[in-house]
Amino acid sequence: MAENNFSNQHNLNNEEEVTITLNDIWRMIWDFKWWYVASIIICLIFVSFYIYKTPSTYVRTAKVIIDESEQTSTMRNLTTLASGVGGLRAHSQVANEMEAFKSPDLMQVVVERLGLETKYYESQILRSVEYYQNSPVELKLVDNNPHSSFSFTVSKVDTSIVVLKNFVIGPDEVSETVQCKLGEVVETPVGSITIVPTMYFENFNNDVKVAWSNSMNRAKALCTKLSVSLSGKESTVVVLSLEDKYPARSAAVLSTLIDSYNEVWISNKNRSARNTSDFINDRLFLIEKELGGVENKLKTYKQENKLSDMNAIAQKYIQESSEYSSKSFEVSNQLQIAKFIKDYLNDPANATSLIPANLGLSSGNVESQIAEYNDMLLQRDRLSKGSGANNPLIADLNTSLSTLRLNILRSIDNYISTLQLQSQKLESQEQLIMNRIAASSGQEMQLLSIQRQQLVKEQLYIFLLQKREENEIAALVNVGNTRLIQNPNGSPYPVAPNKMMLLMVALVLGCGIPFGILFILRMLDSAVHTKQDFANSIVPFLAEIPLLAKRNRFGFVSKSEKLNHENTKIVVEHAKRDMMNEAYRVFRTNLDMVINKKAGNGYAVMLTSLNPNAGKTYTIMNIAASLSLKPAKVLLVDLDLRKATLTLALQHKTKSGVEAYLSGKENDFHQCIKQVESRLDNLHILPIGTLPPNPTELLLTEKFETMMEQLKKEYDYIFVDCPPIDIVADSALITKQVDMTIFVTRAGLLDKRSIPYLNEIYRENKYTRMSIILNGVDYQDKRYGGYGYGYGYGYGYGYGYGYGYGYGNKEN
């Protein structure tokens with residue numbers, strides 16, 4: 001009945017799945033709480049050191065509006081002209097200007113204006129702190145430095161002398177030391193330099209590291225920290241953000257960047273005005289020279305012919321021809337300007353230059369085409385600097401420029417043809433009047449011709465002067481295409497390092513690292529450690545035996561200590577109630593309930609294992625000792641005929657033993673039985689004697705069966721020590737002569753994957769009344785729960801611990 005209850009209760013437990021419960025997780029946390037504390041402290045130390053070593057970074061932001069009214073119309077016309085299809089994105093021009101803001105060439109101008117090529121650092125404990133506008137010394141280069149970068153350290157000797165050392169030029173170190181006076185030019189490995197004291201020289205206590213790099217390298221570094229974005233999808237407001245250690249420096253860089261961008265924009269716009277001014281100045285020089293020649297000719301003619309007043313004679317004809325002269329002048333002027341523009345366009349040297357504009361052409365179509373061409377050319381040049389020649393928009397612009405240039409040439413040709421027709425008609429009208437004047441007086445006609453030339457040259461001269469002034473005024477009123485709507489500003493708090501976030505990360509890592517390690521170790525560990533690991537086993541479970549071993553200073557038991565054979569001894573003593581004695585009392589109680597032994601009948605129990613070092617010798621010695629204290633008459637039989645482990649452990653090595661009786665050397669095995677210890681009167685041992693050459697054959701003899709039957713009559717309990725089942729076949733022969741087989745498993749040694757093999761042996765009933773005990777359970781090993789041990793004071797003899805497989809249902 002007890003056996004059936006034992007099996008039924010075990011089958012119920014078998015249905016439970018082995019999982020990690022919340023209690024297991026809590027034990028993994030609480031039992032290793034000091035590991036977590038240590039891990040958190042270490043992570044906090046690392047984070048604190050990172051915060052100490054990493055300088056704070058601030059962000060400054062500025063906002064500008066891009067005025068794209070002219071550009072948008074130009075680009076829309078360009079798209080229509082090139083492909084006849086609109087739909088160019090409204091913000092494509094703004095996107096190109098955003099790229100221009102990130103240009104290293106533009107940032108190089110900013111670096112040179114602000115003098116950012118040189119940086120100064122003060123060496124402190126485990127870190128370097130950069131100076132900005134508060135360095136005690138300043139570097140001045142006497143000549144242009146050929147190196148791309150260099151650095152050195154400045155040490156103070158006294159108030160007027162410093163020492164320069166630790167020179168580094170590019171990747172190379174120069175072991176040279178230079179001593180110099182402040183403010184004097186000194187020759188160094190990096191060239192001729194001067195170290196000048198600043199207003200903060202009194203604070204010069206620690207060494208200062210001076211690091212210089214050319215403006216382009218600094219510009220590229222600043223561009224990586226610059227962020228350019230749109231404030232909204234439908235907006236032309238560009239947001240410029242720059243990260244830097246010093247807010248004042250980032251604000252200065254942004255302000256200078258915007259100013260430099262506007263200057264470049266205005267400079268590009270003024271290129272057309274400059275070309276127009278150069279053309280007008282050249283024309284003024286020629287016309288001024290021609291006008292002077294006509295005036296001298298008029299003066300000489302009057303002197304030679306002694307003419308003082310010809311107005312009365314030619315008043316009528318002059319008045320009549322004035323209208324035609326004025327028209328002829330306009331046509332002639334327009335014709336000259338048109339021919340100049342045509343020659344200018346046909347000249348290959350001017351293929352990429354701006355076309356002179358605002359020359360006074362009366363053809364509005366030509367003037368508008370020239371203005372559109374110049375704007376488009378400027379736009380193409382600016383895009384080339386900002387994004388490179390592979391931009392598809394640049395290719396479209398080049399195509400449109402060529403088309404527009406051809407259209408201008410056609411318009412000029414048509415305009416010249418029209419002017420020539422007008423000029424011919426005016427000349428014919430003038431010829432009629434000249435014939436009338438010639439008929440009245442040849443002198444008057446010649447004088448009138450000279451005066452008319454003078455009038456034409458004078459009016460053309462005045463016209464060009466007026467146009468030059470208009471062009472200069474137009475150049476002066478050109479402004480940038482950006483308007484600042486937010487000066488560089490930002491939060492007074494740094495954006496990096498985020499101290500609160502880093503501290504939170506330190507806390508999370510401090511808790512997560514030990515938990516992760518423990519969790520992984522537990523998941524990867526496939527060894528059996530507690531009876532819970534046998535939850536899926538169908539083999540009856542008898543008891544757990546605590547580990548008997550010395551712990552190191554960290555509270556752990558080494559593997560060598562666990563397998564130390566010096567621990568193989570009898571630890572069970574009378575009236576002793578330590579953890580080990582109570583464990584074997586529980587084992588004894590459970591064993592009695594399972595076998596349900598009747599008075600007067602002996603009971604043979606075989607102890608074996610799956611693999612060596614399971615501790616079966618230690619277990620069999622102590623369970624036998626525990627039963628002998630009942631009192632009961634107990635015999636230990638060593639049938640490990642290959643190693644004699646039990647015999648050696650109890651120090652009963654003799655020549656006469658089981659081997660002698662089974663092989664026929666002894667007729668009576670009683671002569672071989674010895675008492676184990678004087679304090680254990682009821683405990684005896686039947687040693688092996690001499691190790692036989694044929695152990696398996698001895699176990700097949702009838703003497704072995706006869707011996708076991710006789711021993712059951714003489715002793716209450718017979719415990720047989722057998723070798724592991726996976727090594728030899730002895731255990732399979734011995735189990736036929738015993739009443740019960742106990743498999744001793746070792747915590748930390750038996751693989752959980754071996755449990756199905758035990759289940760298979762149990763199902764096949766290969767061993768008589770098979771059951772399991774778990775030996776070497778480390779109840780203080782917190783990696784596996786640290787359950788503690790429930791035996792001992794105030795708890796009786798442990799009924800219930802392992803008792804759930806017998807008569808009770810709850811553990812006490």
Legend entry - Residue that is most open to solvent (accessible area, probe 1.4 Å), among those in the stretch 514-547 that are of a type in the set (D, E, K, R) and under 39 Å from the mean Cα position of the chain (by Cα): ARG522
Inset, instruction - Could you pull out every one of the strands (runs of 3 or more DSSP E) wholly within the stretch 670-727 that has 3 or more residues that are within 26 Å of ILE761 (Cβ to Cβ)? - result: 717-721
Inset, instruction - Go through (1) surrounded by 13 or more Cβ atoms within 10 Å (Cβ to Cβ); (2) at pLDDT 75 or above; (3) not in a helix (DSSP H, G or I) and name the single condition LEU464 misses. - result: (3)
Legend entry - Some residue of the stretch 139-150 being in a strand (DSSP E or B), in contact with an Asp or Glu (Cβ under 7 Å, 6 or more places away or on another chain) and at pLDDT 90 or above: no
Legend entry - Scan of the stretch 222-240 for residues that are within 22 Å of GLN133 (Cα to Cα) and open to solvent by less than 50 Å² (accessible area, probe 1.4 Å), ordered by number: LEU222, CYS223, LEU226
Inset, instruction - Looking only at the stretch 329-366, count how many residues are of a type outside the set (A, V, I, L, M, F, W, C), buried (at least 16 other Cβ atoms within 10 Å of the Cβ) and closer than 19 Å to ARG283 by Cα. - result: 8
Inset, instruction - Hey, can you tell me all the residues within the stretch 616-664 that are within 19 Å of SER731 (Cβ to Cβ), among the basic types (Lys, Arg) and touching a helix residue (DSSP H, G or I) at 6+ places or on another chain (Cβ under 8 Å)? - result: ARG642
Inset, instruction - For the stretch 119-133, name all the residues that are of a type outside the set (Asp, Glu) and open to solvent by less than 60 Å² (accessible area, probe 1.4 Å). - result: LYS119, TYR120, TYR121, VAL129, TYR131, TYR132
Inset, instruction - Give the stretch 694-729 a look and list any residue that's among the aliphatic types (A, V, I, L, M) and in contact (Cβ under 8 Å) with a residue 60 or more places away in the chain, or say none. - result: LEU699, MET708, LEU711, ILE718, VAL720, ILE725, ILE727, VAL728
Legend entry - Residues that are part of a loop (DSSP other than H, G, I, E, B) and either more than 18 Å from SER267 (Cβ to Cβ) or within 49 Å of the chain's Cα centre (by Cα) (or both), drawn from the stretch 357-391: ASN358, LEU359, GLY360, LEU361, SER362, SER363, GLY388, ALA389, ASN390, ASN391
Inset, instruction - Pairs only if they're at least six apart or on different chains, beta carbon under 9 angstrom, first in the stretch 223-242 and without any contact (Cβ under 8 Å) to a residue 12 or more places away in the chain and over 16 Å from VAL253 (Cα atoms), second among the β-branched types (Val, Ile, Thr) and surrounded by 14 or more Cβ atoms within 10 Å (Cβ to Cβ); list them, first residue then second. - result: SER235/ILE65; SER235/VAL94
Inset, instruction - Kindly provide the set of residues from the stretch 483-526 that are in contact with a helix residue (DSSP H, G or I) (Cβ under 7 Å, 6 or more places away or on another chain), outside any helix (DSSP H, G or I) and small (Gly, Ala, Ser), ordered by number. - result: GLY490, SER526
Legend entry - Residue satisfying all of: in the stretch 135-166; surrounded by 13 or more Cβ atoms within 10 Å (Cβ to Cβ) and touching a helix residue (DSSP H, G or I) at 6+ places or on another chain (Cβ under 8 Å); farthest from MET216 (Cα to Cα) among these: PRO136
Inset, instruction - Check off (1) within 34 Å of the chain's Cα centre (by Cα); (2) in contact (Cβ under 8 Å) with a residue 24 or more places away in the chain for ILE266 and give me the number that stays unchecked. - result: (1)
Inset, instruction - Examine the stretch 593-610 for a residue that is in a loop (DSSP other than H, G, I, E, B), open to solvent by less than 20 Å² (accessible area, probe 1.4 Å), out of contact with any Gly (no Cβ under 9 Å at 6 or more places or on another chain) and of a type outside the set (A, V, I, L, M), and state whether such a residue exists. - result: yes
Inset, instruction - Can you tell me which residue among GLU112, GLU99 is acidic (Asp, Glu) and either modelled with pLDDT of 90 or more or loosely packed, with under 14 Cβ neighbours inside 10 Å (or both)? - result: GLU112
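To keep it simple, each residue is scored yes or no on (1) at pLDDT below 85; (2) more than 60 Å from the chain's Cα centre (by Cα); (3) open to solvent by less than 50 Å² (accessible area, probe 1.4 Å); (4) at negative phi.
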residue	(1), (2), (3), (4)
LYS665	no, yes, no, yes
GLN671	no, yes, no, yes
HIS684	no, yes, yes, yes
THR690	no, yes, no, yes
GLU697	no, yes, no, yes
LYS703	no, yes, no, yes
GLN710	no, yes, no, yes
ILE727	yes, no, no, yes
ALA732	no, yes, yes, yes
Inset, instruction - State whether the residues of the stretch 225-239 include one that is within 38 Å of the chain's Cα centre (by Cα), modelled with pLDDT under 90 and among the basic types (Lys, Arg). - result: yes
Legend entry - Yes/no for ILE29 being open to solvent by 40 Å² or more (accessible area, probe 1.4 Å) and modelled with pLDDT under 90: yes
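The values are calculated or read from the model by the stated rules, or taken from the named source; none is laboratory data. Because the structure is a prediction, the values reported are computed rather than measured. Neighbour counts run over all protein chains shown; Cβ positions are idealised from the backbone, glycine included. Keep in mind that these areas ignore ligands, DNA and RNA; they rest on the heavy atoms of the full protein, side chains included. Shrake-Rupley method; radii C 1.70, N 1.55, O 1.52, S 1.80 Å.
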